[in-house]
Amino acid sequence: MERIRTIFASLMIITLLMTGMALLPTETQAQDNTIELGYVNWAGTIAETQVARVVLEDMMDYNVEMTMVGVGPIYAALAEGDIDAFMGVWLPQTHGSYVERYKDEIIKTGPNYSGAKIGLVVPEYVDIDSIEELKEHRDKFDGQITGIEPGAGVMQATHTAIEEYGLDFNLMTSSGPAMTGALESAIQNEEWIVVTGWRPHYKFAKFDLKFLEDPNNIYGAKENVYTFHHPKLAQKAPEVVSFFHDFRMTTDEVGQVMAWIEDGMEAEEAAQKWVEENKEKAKGWTNPVVLS
């Protein structure tokens with residue numbers, strides 16, 4: 001009888017241990033609470049992605065990991081599922097070729113904001129108004145256009161513009177921050193400079209700038225900026241897909257976050273400040289079930 005009691009007690013302990021282990025979160029379950037956001041080192045994309053991170057973490061209880069990737073590789077990473085979402089997709093023109101290439105592996109939500117624009121930008125004091133006029137003043141620009149990363153849509157469009165407008169200009173690759181630095185240096189010395197530009201961007205708040213007219217419509221009309229996500233995100237976190245679907249900022253709101261960052265505020269702090277000041281709007285992007 002004693003032996004039976006011992007066996008029964010042992011079985012009860014084993015059962016309790018197994019039940020307890022089953023209640024512990026598995027590695028997969030822990031990973032499902034992590035959202036991988038990719039971003040490119042563009043001021044606007046950084047601003048909106050940081051705002052999304054704050055809302056996902058503080059209002060929806062997700063863990064967000066952000067990874068900076070080049071504009072070409074980020075679409076490949078998204079298609080492979082290495083990242084869950086990318087919030088900086090400019091359409092219909094700027095990133096149209098990337099979306100076309102990966103259209104069967106990625107899904108669109110949004111738009112995050114409307115009325116975005118790309119093109120060639122000069123300081124207001126530069127005495128020309130059209131891309132066609134660049135070739136008449138090549139020497140004043142030292143025969144160069146200051147660009148950003150080589151894979152960016154505005155860079156691809158500028159290569160086309162150089163050919164279509166017959167410009168004897170070199171397109172210099174750099175980065176968004178380096179381009180803005182070159183622009184600021186030229187303006188301080190009242191030198192002529194032409195850069196690849198886009199709006200929203202804090203440089204339009206900081207300097208008096210203008211887009212050069214584009215008679216051949218190489219850069220297209222105003223665009224919208226979307227989020228694209230990998231299909232697996234809808235399976236592991238459908239409420240996050242819903243969040244991206246409802247996420248909306250104006251170009252002025254994105255520009256405000258960008259300006260705070262440019263003025264020296266950390267990107268995370270600037271996003272937190274914006275969400276605090278626009279809490280009701282941010283709550284409107286989330287699933288009410290998960291709000292505290």
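The values are calculated or read from the model by the stated rules, or taken from the named source; none is laboratory data. From a predicted model like this one, the values you see are computed outputs, not experimental measurements. Note that each Cβ is placed from the backbone with ideal geometry, even for glycine, and that neighbours are counted across all protein chains shown. Each accessible area value is taken on the protein alone, full model and side chains, heavy atoms only, with ligands, DNA and RNA left out. Shrake-Rupley method; radii C 1.70, N 1.55, O 1.52, S 1.80 Å.
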For helix 176-188, report the angle its Cα long axis makes with the longest principal axis of the Cα atoms of the chain; keep it between 0 and 90° and round to the nearest 10°. 30
Within straight-line cross-link reach of residue 117, lysines at Cα separation under 24 Å, skipping those fewer than 8 residues along the same chain: 103, 108, 135, 203, 206, 210, 222
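Roughly how big is segment 182-285's charge dipole about its Cα centre, with Cβ charges of +1 (Lys, Arg) and -1 (Asp, Glu), in debye to the nearest 20?
Values: 12 positive and 19 negative charges, 120 e Å.
Roughly 580 debye for segment 182-285.
Classify segment 194-237 as rounded, prolate or oblate from the Cα gyration tensor: take a ≥ b ≥ c as the square roots of its eigenvalues, call it rounded if a/c is under 1.5, otherwise prolate when a/b beats b/c and oblate if not. Could you put the intermediate results ahead of the total?
Numbers: a/c = 4.63, a/b = 2.06, b/c = 2.24.
Note, shape of segment 194-237 comes out oblate.
When the accessible area of the chain is split by element with a 1.4 Å probe, what percent falls to carbon and sulfur?
Numbers: 7230 of 14490 Å².
Answer for the chain is 50 percent, counting heavy atoms of protein chains only.
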Relative to the first principal axis of the alpha-carbon coordinates of the chain, what is the inclination of helix 153-164, with its axis defined by its Cα atoms, in degrees from 0 to 90 and to the nearest 10? 30
Rounded to the nearest 5, what % of the DSSP beta bridges within the chain are antiparallel ones? 60
Is the shape of segment 33-93 rounded, prolate or oblate, going by the alpha carbon gyration tensor and its root eigenvalues a ≥ b ≥ c, with a/c under 1.5 for rounded and a/b larger than b/c for prolate? oblate
Over the chain: helical MRE at 222 nm, DSSP H runs n ≥ 4 each giving -39500 (n - 2.57), nearest 500: -13500 deg cm²/dmol
Given 10 as the ceiling on other Cβ atoms within 10 Å, longest exposed-site-free region of the chain for GluC sites (Glu not before Pro) in DSSP loops: 1-123
For the chain, with +1 on Lys and Arg beta carbons and -1 on Asp and Glu, the positive-most of 51, 212, 71 along the dipole: 51
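How do the peptides 229-237, 166-174, 150-158 rank, highest first, by the average count of neighbouring beta carbon atoms within 10 Å per residue?
Working: 229-237: 16.7, 166-174: 15.1, 150-158: 20.8.
Highest-to-lowest ranking by the protection proxy: 150-158, 229-237, 166-174.
Averaged per residue, what accessible surface does segment 156-292 expose to a 1.4 Å probe, in Å²? Please list the in-between numbers first.
Numbers: 6770 Å² over 137 residues.
Averaged over the residues of segment 156-292, the accessible area is 49 Å².
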Between the helical axis of 43-58 and the dominant principal axis of the chain, each derived from Cα atoms, what acute angle in degrees is found, rounded to the nearest 10? 20
